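Inspection log for the structure reproduced underneath, given as C-alpha cells.
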Amino acid sequence: MSQPPRPSQLLHPWREPAPARPAATVLLLRDTPQGVQVLMTRRSPTASFAPGAYVFPGGGIEAGDAAAHAHATRRPAQSDLHLTQAIAVIRESFEELGVLLALRPDGTPATGQDVAALDRQAPLPPQAAARGLKLDAAQVFTLAHWITDRDLPKRFDVPFLAARMPPGQTPVADQTEQFEPVWVCPFDALARHAAGGFSMIFPTIRTLERLQHYPSVQAVLDACAGEQPLWTSCPRAGLLAGQVARYMEHEPPFGELELVCPDGQILHPLDWQSKAAAPLRKNLLRLTAPNAGRMTGPGTNSYLVGEAATGYAAIDPGPDDPAHVERLWRAAGGDIRVIVCTHSHLDHAPGARLLQKLCNGKPPILGLPSAATARPASAFTPDRSLQNQERIVISSQGLDPQNTHTLRCIHTPGHAANHLCLLLQEDRLLFTGDHILNGSTTIVDPPDGNMSAYLDSLDRLAALCVQENIRFLLPAHGHVMTDAPGQIAKLKAHRLAREAKVQAAMQARPGGGPDDWAPLAYDDVPPSTWPLAKRSLLAHVERLRALGQQLSPP
C-alpha cells in the first residue's frame with residue numbers, strides 16, 4: 001500500500017514496514033472418520049517468530065530449492081515459482097518432521113524405510129536422487145498466500161500449500177524447531193485455541209476456519225486446481241477494548257485501518273463510542289451518534305472535514321439529538337462553515353438546524369430538498385440546493401493546497417430521491433451516506449426509493465472511482481471501506497442476484513404478494529429481517545415490472 005494522496009494529512013508519520021522474506025508452509029492432510037485432519041506441530045518456545053505456537057511445517061525458501069527442479073515431479077501448469085515453493089516445503093517437512101513427499105522409481109510413494117535411509121541433517125535433493133527418489137512437487141498445491149502483518153518486525157511472504165500425507169510414514173519432530181506433532185481436525189484445533197490451550201497465530205486460525213468446511217482431502221486439492229491461491233491476505237491490526245485485534249481484507253474494520261495507519265502501525269481504536277470524535281486524518285473526524293439499532297448499525301456517522309486553520313464542513317449532523325449535535329460542535333471548536341446533508345432521513349438531517357443554531361455566523365445548510373415521494377417525517381428543505389458536481393471549498397487564506405478541502409457533490413438517487421454522495425477531492429475520499437454501507441445493504445423503500453435509480457447511481461460511482469482513483473468509501477453507518485471499485489462491483493452483483501431471486505419467487509407464486517415472495521427471495525437471511533427486506537423487495541418488483549413493460553412487444 002503506497003502513501004495516501006496527501007501524506008501531510010496522516011495522523012502518524014509513515015514508517016516503512018520491514019521487508020517480507022520468502023518462505024513457504026504446507027498443510028499435510030489425511031482423511032479420517034471424523035473428517036479431514038491436518039498435521040500441526042508446536043514451535044520452539046525460544047523461536048524468534050511465533051514462539052510456542054502450533055503451526056504447519058515450513059520455513060524459509062533456500063537457493064537450493066530453486067536449483068532442485070530436475071529432482072522433482074511437476075504439473076504442466078505449475079510455474080517455476082510454485083515448483084520452488086513446493087520443493088521448499090518438501091524439504092522442510094523432511095527436516096522438521098521426517099515426512100517425505102517423494103516417489104520411488106516404480107512411481108509408488110516413499111515409505112518409512114526410505115525416510116530412515118536418509119540423513120535429515122544433510123541436503124535432501126542429492127540424497128533423494130542417489131536413491132532414485134523424485135520429490136513429488138506435482139502433488140503439492142497452492143491453497144493460500146499470506147504476507148505477515150506490516151506492524152511486525154519480522155515478516156514473511158508465505159504461500160500456504162496443501163498435500164496429502166503419504167501413507168506408511170509417521171511424523172517425528174526434530175526437537176529443535178518443532179515439537180509435539182499432532183493430527184487434529186480444524187474445528188477441534190479452533191475449539192482448543194478458543195479454550196486457551198492451543199496457541200495459534202492469526203493466519204493459522206483463519207486458514208483452519210476455511211479448511212473446516214471441506215469434507216475430504218480430495219475436495220481441498222480439487223479447490224486448489226486453478227494454480228492460484230484461494231485467497232491472499234496481509235492482515236491489519238487495530239485496538240479493540242484495548243487489545244490488539246487483526247483483520248483480513250474482507251472484514252469490516254480493515255479499510256479503516258488502512259486509511260488511518262496505511263503503514264500498519266497499531267494505533268487506531270476500533271471501539272464504537274459516541275462521547276468523542278474519532279480522528280481518521282488530520283483533516284477528518286468522525287463522531288457516531290448514539291442511535292445504534294437494526295436500521296442504523298453502530299449509529300449514524302457524522303463527519304467533520306477541515307482543521308483549525310480552515311474551519312469545518314459538517315456532513316450529516318444526524319438525528320434530533322442535542323447532546324450529539326453539541327459534541328459535534330465542540331469537536332469542531334465551534335468553527336463550522338457549512339453543513340451538508342446527504343439526504344433527508346430522520347437519522348441524518350434533523351440535527352442540521354440544531355447545529356446551525358449553535359454556530360456563530362449561521363453556516364448554511366446545504367443538500368437537496370426532499371421530493372414529494374418522501375415520507376412526511378423526512379421532509380427537508382436546505383438553505384440552498386446543491387447542484388450535481390458542485391464544489392464546496394473550505395480553506396485557509398491564500399488557498400494553500402495543504403489547507404484546502406474541496407467537497408464535490410454527486411447526485412445519487414436510489415436510497416432516497418434527494419441522496420447525495422460527496423468526494424473529498426484532495427484526498428480522494430468518497431462519503432457515501434446511505435447509498436453504500438459497511439456490513440449490510442441499504443434499504444430501497446418506494447416510492448422515494450427506486451431500485452433502477454439506485455443501480456444507475458452505483459454505476460456512476462463506480463466510474464467516478466476509476467476516473468478519480470478513489471480507494472476509500474466513508475459510509476454513514478459502519479467503518480471506512482477500502483477497495484472502492486471492488487466494493488461497488490460486489491454490491492451491484494449482490495443486488496442483481498437478489499433481484500433474480502425475487503423474479504424466481506414471483507414466477508413460483510404468480511398470484512402472490514410480498515408476504516409470499518419474501519420467504520423465497522430472502523431464504524438466506526433470518527425471518528426477523530423480512531419486514532425490512534420487503535421494502536427493497538417491492539423496489540425490485542417495481543423495477544422488474546418496469547423492465548418487463550419495456551421489453552414486451554408493442
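List of remarks:
- Candidate set: segment 1-36, residues that are of a type in the set (Ser, Thr, Tyr) and at pLDDT 90 or above; chosen: the one nearest to Gln178 (Cα to Cα): Thr25
- Selected residue [open to solvent by 60 Å² or more (accessible area, probe 1.4 Å), modelled with pLDDT under 95 and either closer than 25 Å to Phe49 by Cα or out of contact with any Gly (no Cβ under 8 Å at 6 or more places or on another chain) (or both)] from Ala173, Ala195, Ala128: Ala195
- Some residue of segment 245-262 being more than 18 Å from the chain's Cα centre (by Cα) and either open to solvent by 50 Å² or more (accessible area, probe 1.4 Å) or aromatic (Phe, Trp, Tyr) (or both): no
- Filter result for Glu209 (of a type in the set (D, E, K, R) and part of a loop (DSSP other than H, G, I, E, B)): no
- Residue within segment 456-469 that is closer than 30 Å to Glu258 by Cβ, in contact (Cβ under 8 Å) with a residue 24 or more places away in the chain, not basic (Lys, Arg) and not in a helix (DSSP H, G or I) present: yes
- Answer residue from segment 512-543, given it is surrounded by 12 or more Cβ atoms within 10 Å (Cβ to Cβ) and of a type in the set (Gly, Ala, Ser) and is farthest from Thr442 (Cα to Cα) among those: Gly512
- Any hit, segment 362-385, residues being open to solvent by less than 20 Å² (accessible area, probe 1.4 Å), over 22 Å from Pro319 (Cβ atoms) and not aromatic (Phe, Trp, Tyr): no
- Among the residues listed as Val444, Val466, Val480, the single one being over 21 Å from Ser536 (Cα atoms) and open to solvent by less than 10 Å² (accessible area, probe 1.4 Å): Val480
- Single residue of segment 392-427 satisfying the filter (open to solvent by 10 Å² or more (accessible area, probe 1.4 Å) and of a type in the set (Gly, Ala, Ser)) that is farthest from Leu474 (Cα to Cα): Gly398
- Residues of segment 131-147 that are part of a loop (DSSP other than H, G, I, E, B), out of contact with any helix residue (DSSP H, G or I) (no Cβ under 6 Å at 6 or more places or on another chain) and surrounded by 15 or more Cβ atoms within 10 Å (Cβ to Cβ): Leu133, Asp136.
- Answer from Arg43, Arg30, Arg6 - the residue that is under 24 Å from the mean Cα position of the chain (by Cα), among the basic types (Lys, Arg) and either surrounded by 15 or more Cβ atoms within 10 Å (Cβ to Cβ) or farther than 18 Å from Met200 by Cα (or both): Arg6
- Screening segment 334-360 for residues that are in contact with a strand residue (DSSP E or B) (Cβ under 8 Å, 6 or more places away or on another chain) and of a type in the set (Gly, Ala, Ser) and picking the one that is farthest from Pro279 (Cα to Cα) gives Ser344.
- Residue satisfying all of: in segment 103-125; open to solvent by 40 Å² or more (accessible area, probe 1.4 Å) and charged (D, E, K, R); nearest to Pro167 (Cα to Cα) among these: Arg104
- Restricting segment 473-510 to residues that are among the basic types (Lys, Arg) and in a helix (DSSP H, G or I), the residue that is farthest from Gly297 (Cα to Cα): Lys501
- Number of residues in segment 180-192 that are open to solvent by 40 Å² or more (accessible area, probe 1.4 Å) and either more than 12 Å from Leu39 (Cβ to Cβ) or in contact with a Lys or Arg (Cβ under 6 Å, 6 or more places away or on another chain) (or both) equals 5.
- In segment 79-89, the residues that are out of contact with any helix residue (DSSP H, G or I) (no Cβ under 6 Å at 6 or more places or on another chain) and without any contact (Cβ under 8 Å) to a residue 60 or more places away in the chain: Asp80, Leu81
- Qualifying residue in segment 327-350 (condition: over 25 Å from Pro447 (Cβ atoms) and without any contact (Cβ under 8 Å) to a residue 24 or more places away in the chain): yes
- Selection of segment 502-537 for residues being charged (D, E, K, R), touching an Asp or Glu at 6+ places or on another chain (Cβ under 8 Å) and closer than 25 Å to Arg375 by Cα yields Lys534, Arg535.
- Odd one out for Arg21 among (1) out of contact with any Pro (no Cβ under 7 Å at 6 or more places or on another chain); (2) surrounded by 16 or more Cβ atoms within 10 Å (Cβ to Cβ): (2)
- Only listed residue being modelled with pLDDT of 90 or more, open to solvent by 20 Å² or more (accessible area, probe 1.4 Å), among the basic types (Lys, Arg) and under 24 Å from Ala18 (Cβ atoms), chosen from Arg164, Arg150: Arg150
- Per-region count, segment 162-177, residues assigned to a strand (DSSP E or B) and either among the hydrophobic types (A, V, I, L, M, F, W, C) or over 33 Å from the mean Cα position of the chain (by Cα) (or both): 2
- Any chance Leu430 is over 24 Å from Lys534 (Cα atoms), open to solvent by less than 20 Å² (accessible area, probe 1.4 Å) and outside any helix (DSSP H, G or I): yes
- The listed residues are Ala309, Ala237, Ala277, and the only one of them that is of a type in the set (A, V, I, L, M) and out of contact with any helix residue (DSSP H, G or I) (no Cβ under 6 Å at 6 or more places or on another chain) turns out to be Ala237.
The values are calculated or read from the model by the stated rules, or taken from the named source; none is laboratory data. Just so you know, these numbers come straight off a predicted model, no measurement behind them. Note that we place each Cβ from the backbone using ideal geometry, even for glycine, and neighbour counts take in every protein chain shown. Each accessible area value is taken on the protein alone, full model and side chains, heavy atoms only, with ligands, DNA and RNA left out. Shrake-Rupley method; radii C 1.70, N 1.55, O 1.52, S 1.80 Å.
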